[in-house]
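Here the structure is laid out as structure tokens; the discussion comes afterwards.
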Amino acid sequence: MTVGGALFFPGAGAGRDTPALVAVDRALTAALDIPVVRADFPYRREGRRAPDRAPKLIACVREEAELLATSAGVAPDRLVLGGRSMGGRMCSMAVAEGLPAAGLVLIAYPLH
């Protein structure tokens, strides 16, 4: 299966333009020539500092994944999802709840 796109979310204290996500975006775009989206969670778009609860964040991951799959013209299971810290955690939780994905990229995320 070929990857059809990638969707990344930042950690709790950062936005979509955090250096780690920008670097991953540039590397994937250059290496794979796929659409890459760096998205903010709703609280960040609304100018708030405190993250919403997990259900709202996971819903955002689902919505953004659907938008990317549609705009890229690929099945949702061809997307790679992930992010830095909380962003990666919310993507992993969305996948654990059944969101299809080609893979997860977890940056600065303690796996233990």
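Please give me, ordered by residue number, the GluC sites (Glu not before Pro) of the range 19-112 that lie in loop per DSSP and have at most 10 other Cβ atoms within 10 Å.
GLU46
Over the chain, what per residue volume does the convex hull of the Cα atoms give, in whole Å³?
100
None of the figures in this text is laboratory data; all of them are computed from the coordinates on show. It should be emphasised that the depicted structure is a prediction, and the values quoted were computed from it without experimental measurement. Here Cβ is always computed from backbone atoms with ideal geometry, including for glycine, and neighbour counts include all displayed protein chains.
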